[in-house]
Amino acid sequence: MYPIKFQKIRTYEMGLKFRDGEFQGLLPAGRHWFFDPINRLTIDVVSQREPWLLHEKLDLIVRSQALKSQAVVIDMQDHERALVWVENRFSHILPAGQYAYWTGQKQVRVEIVDTRKVRFEHDQFKVIVRSPQASRLLDVCSVQRDHVGVLFIDGRYVETLPPGEYAFWKGPAEARIVEIDLRETMVDVSGQEIMTADKVTLRVNAVVTYKVVDARKAVSQTDDVRQALYRETQLVLRGVIGARELDLLLTDKDAVAKEIEDNVRRRAAELGLELASVGIRDVILPGDMKDLMNKVTEARKAAEANLIFRREETAAIRSQANTAKLLAESPTLMRLRELEVLEKIAASGKLNIILGEKGLADKVVNLL
């Protein structure tokens, strides 16, 4: 074994000198000769073209202060993270720990961020959160158009977020966004079998149109605001329709729908909702009740038709009675009426006169 060692270090490299495992210093670019008869010396050559200095004994190297003018040294606590730019381009995010970056070959910039502020905000937000390593340290989520996001941190409400992209540090706290749709939504309350006040069982289909106006209430008051509105509408339907007789329900459905809407609206406001409308879409009767209702309708229409016929017949008789009275009181008018009758008979084209007893013949001759 030769007692003299030779090591060549290129311009883009740096030598790490160790003796008996202890760090001795840095070796710059050039040719280096060492006297090492018992092989106690070790030279690790690392490239500065990759700025990140990875070494199992980095702590010893940093402690020696040898990197002070050669590299950027980072030593972060548990609540800190580092954003690293290389050549003014974002490179990656670092978790807590100790790191070193060479500055001889490439420009390196490091920004330390405190994760105790759980929500991550930055003027280069989109570039950072879309980097390959960002998902290891950040929870990234989006709130879609026409939605809002209700933000909870460790189970406590923080704020309501408008549409956009958001990121939260993993580890320091649990952040959760509940996305709420602000557009109008319809709830079909179908197939409700309800008994009216007069003991008729019918099936009712209703529809409720609503939108969320207070996202925090919509999330906090119940686990499923849509299902809560559905159940509330069911109960109100049963209460309102059950208090009415069938005839009243069928003849005034609009008033029933208005009462249902007023009752549901109060509960909807407690859930952070605003009702646009509540309507009864269908009222379905049982088969035997349909037949009975048809018969009732048929009988009612027949009675109405008979009443109209009798009314017209009475009017006609009354008119005839008035005419007879008028003719009896006026002989001249009676004579004109007789002439009208003869004119109609003559107009028919043939007039047959049959004479009987003398008195009747005289009357006809006098009439002509």
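The values are calculated or read from the model by the stated rules, or taken from the named source; none is laboratory data. None of the values given here were measured: they were computed from a predicted structure. Cβ coordinates were reconstructed from backbone atoms using ideal geometry, including for glycine residues, and neighbour counts include every protein chain displayed.
Some points to look at:
- One residue stands out among those in the stretch 269-282 that are at pLDDT below 90, touching a helix residue (DSSP H, G or I) at 6+ places or on another chain (Cβ under 8 Å) and surrounded by fewer than 17 Cβ atoms within 10 Å (Cβ to Cβ): the one that is farthest from VAL200 (Cα to Cα), which is SER277.
- Out of ARG238, ARG244, ARG266, sole residue that is loosely packed, with under 13 Cβ neighbours inside 10 Å and not hydrophobic (A, V, I, L, M, F, W, C): ARG266
- Any hit, the stretch 254-261, residues being loosely packed, with under 11 Cβ neighbours inside 10 Å and either modelled with pLDDT of 65 or more or not assigned by TED's automatic domain parsing to the domain that holds VAL236 (or both): yes
- Taken over the stretch 138-161, the residue count meeting the criterion of being under 19 Å from THR185 (Cα atoms) and surrounded by fewer than 17 Cβ atoms within 10 Å (Cβ to Cβ) is 3.
- Annotation: ARG266 fulfils all but one of (1) over 24 Å from VAL187 (Cβ atoms); (2) at pLDDT 75 or above; the unmet one is (1).
Residues are listed down the side, and each one gets a yes or a no for (1) within 60 Å of the chain's Cα centre (by Cα); (2) surrounded by 12 or more Cβ atoms within 10 Å (Cβ to Cβ); (3) of a type in the set (A, V, I, L, M, F, W, C); (4) not in a loop (DSSP other than H, G, I, E, B):
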residue: LYS5; (1), (2), (3), (4): no, yes, no, yes
residue: PHE23; (1), (2), (3), (4): no, yes, yes, yes
residue: ARG31; (1), (2), (3), (4): no, no, no, yes
residue: ASN39; (1), (2), (3), (4): no, no, no, no
